[in-house]
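Okay, structure first, notes after.
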Amino acid sequence: MTKSILFLAHIDESGKSLPKPAYEALGAAVDLAQQSGATLTIGLIGGEIQQAADSLANAGAARILAISGPDFATPRFASDALAAEALCCAANPELILAPATSRFLRALPVLAHRLQGRVDTHVSSLRLENGALTATRWFYRQRLEGTFQRQERPWIVLLDSGCHEPWCGASGHANVAEIPVTLPPEARRTTVTGIRSPKSDAQTIRPDANLLFVAGAGWTKKQSDGKPHPHEAEKLILDFLRLSSASLGGSKSLVDQSGENQAVLGFMTHLNQVGQTGATPRHPKGLSTCCHGEEPHVVGWRFINERRAINLDPNCGWARGKADVLYVADAFEVMTKLNALLSELTAKEEKTVAASD
């Protein structure tokens, strides 16, 4: 039986609040603490932590510990690892639960070695079974689900985003216990000089989008006139992403075309790939276009709640029970009409906002 739980989180890029996955991991920590009767402690790392701590004041934690200051404002393996180690030593937990952010995926696994415990990343759920804590995660390109337990303590668990309902509670005033940490000179060798990111309209991967738009290789093949139209396809897809704020995915056959000297979509990379060695995103809805719904590709859609597809072939894989709705139509024609409707809707909304101002 787990008697003490430490929830670890870091401040996000804004410098004030926690990232969304942190509230999901906190929801799991709170549920687990209530079920097991364990003592919950919250540990925060960041430049300034009071505002974030206040948002967690009513989470039911016995203590809120923090390590703050300019040295901990930006991601850095050495400083993050030392801060996490100090928080763990102060809390002395049996279970350490944290969100699987890129910052913690780099820094926290070293704690298993330093604390002589064990670590598991990309965990999808935690539950109590006959008093024993059981974790669940996906294996083999996320096609097999495995459950396991650990006897070693402390057990460090990084929970994947989208696997638990986020904790929601009223803010208050949190009493924060600051843990002093002095960084040695070698822990300051890495410095962040700036952040380079694509423009918002050039960003195609949007994890928080309500819709996942997936493009297949059919976009670059010969169309009804016997010729391929990759440039028209690019414009249609980018216009739809801009108007709908959807996230972009791609089938493996499409993203592999760049190495086969075939016509490609210039903005599509392997980072957009969904299924078969690719990602398994979590969005409320998904729209697949010019894809055939092969099994490896559909595996990447297991966490999409509503699946729709556009394909000229009524016998494609999506038609065999893999899509909630299949539109047997030309994707070029459908997306052209859809973009026109979205443009009209956007124009009306802009007029309404202008009139209210």
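The values are calculated or read from the model by the stated rules, or taken from the named source; none is laboratory data. Remember, it's a predicted structure, so these values are computed and weren't measured experimentally. Cβ coordinates were reconstructed from backbone atoms using ideal geometry, including for glycine residues, and neighbour counts include every protein chain displayed.
Within the range 1-52, being part of a loop (DSSP other than H, G, I, E, B), closer than 23 Å to ASP80 by Cα and not polar (S, T, N, Q) holds for ILE11, ASP12, GLU13, GLY15, LYS16, LEU18, PRO19, GLY47, GLU48, ILE49. From the list GLY46, GLY60, GLY15, GLY37, the one residue that fits, being over 17 Å from the mean Cα position of the chain (by Cα), over 16 Å from LEU159 (Cα atoms) and buried (at least 20 other Cβ atoms within 10 Å of the Cβ), is GLY46. For the range 181-203, the set of residues classified as at pLDDT 90 or above and in a loop (DSSP other than H, G, I, E, B) consists of VAL181, THR182, LEU183, PRO184, ARG189, THR190, listed by residue number.
With respect to the stated conditions, THR182 fails to be outside the structural domain of ALA33 (by TED's automatic domain parsing) and free of Cβ contacts under 8 Å to residues at least 60 places away in the same chain. Applying the condition of being in a loop (DSSP other than H, G, I, E, B) and in contact with a Lys or Arg (Cβ under 9 Å, 6 or more places away or on another chain) to the range 117-142 and asking which residue is nearest to ILE179 (Cα to Cα) yields GLY117.
Filtered by the rule that a residue be of a type outside the set (D, E, K, R), in contact with a helix residue (DSSP H, G or I) (Cβ under 9 Å, 6 or more places away or on another chain) and in a helix (DSSP H, G or I), the range 99-108 gives PHE104, ALA107.
Can you confirm whether GLY293 is in a loop (DSSP other than H, G, I, E, B), surrounded by 20 or more Cβ atoms within 10 Å (Cβ to Cβ) and not acidic (Asp, Glu)? Here the answer is yes, as GLY293 does meet what is asked. Could you tell me how many of the residues in the range 2-12 are modelled with pLDDT under 95, under 17 Å from PRO99 (Cα atoms) and surrounded by 21 or more Cβ atoms within 10 Å (Cβ to Cβ)? Total satisfying the criteria: 0. Quick one: what pairs do we get from the range 214-238, first residue in the same structural domain as ALA323 (by TED's automatic domain parsing), second among the basic types (Lys, Arg), C-beta under 8 Å, 6+ apart or different chains? So the pair list comes out as PRO228/LYS221; PRO228/LYS222.
For the structure I just gave you, tell me whether SER36 is touching a Leu at 6+ places or on another chain (Cβ under 8 Å), of a type in the set (Ser, Thr, Tyr) and at pLDDT below 95. Criteria met by SER36. Restricting attention to the range 63-91, the residues being surrounded by fewer than 21 Cβ atoms within 10 Å (Cβ to Cβ), farther than 15 Å from VAL192 by Cβ and touching a Ser or Thr at 6+ places or on another chain (Cβ under 7 Å) number 1. Cβ-Cβ contacts under 6 Å between residues 6 or more apart (or on different chains), taken from a first residue in the range 289-303 that is among the small types (Gly, Ala, Ser) to a second residue that is at pLDDT 85 or above, are listed as GLY293/CYS316; GLY293/GLY317; GLY293/TRP318; GLY293/LYS322; GLY300/VAL274. The sole residue among ALA135, ALA112, ALA100, ALA107 that is within 23 Å of GLY69 (Cβ to Cβ) and surrounded by 14 or more Cβ atoms within 10 Å (Cβ to Cβ) is ALA107. Do we find a residue being in a loop (DSSP other than H, G, I, E, B), at pLDDT 90 or above, at positive phi and buried (at least 22 other Cβ atoms within 10 Å of the Cβ) anywhere in the range 276-288? Within the range 276-288, none of the residues are in a loop (DSSP other than H, G, I, E, B), at pLDDT 90 or above, at positive phi and buried (at least 22 other Cβ atoms within 10 Å of the Cβ). Of everything in the range 115-132, what is in contact with a Pro (Cβ under 8 Å, 6 or more places away or on another chain) and under 24 Å from ILE64 (Cβ atoms)? Give them in sequence order. The answer is LEU115, GLY117, VAL119. Evaluated against (1) within 20 Å of CYS88 (Cβ to Cβ); (2) in contact with a helix residue (DSSP H, G or I) (Cβ under 7 Å, 6 or more places away or on another chain), ALA33 falls short on exactly one condition, (2). The set of residues from the range 204-249 being assigned to a loop (DSSP other than H, G, I, E, B), exposed (fewer than 14 other Cβ atoms within 10 Å of the Cβ) and over 26 Å from the mean Cα position of the chain (by Cα) comprises SER224, ASP225, GLY226, LYS227. Just so you know, in the range 115-136 the residues that are charged (D, E, K, R) and at pLDDT 95 or above include one that is nearest to LEU82 (Cα to Cα), and it is ARG118. Quick one: would you say ASN311 is in the same structural domain as ILE237 (by TED's automatic domain parsing) and surrounded by 14 or more Cβ atoms within 10 Å (Cβ to Cβ)? So ASN311 fits the description; yes.
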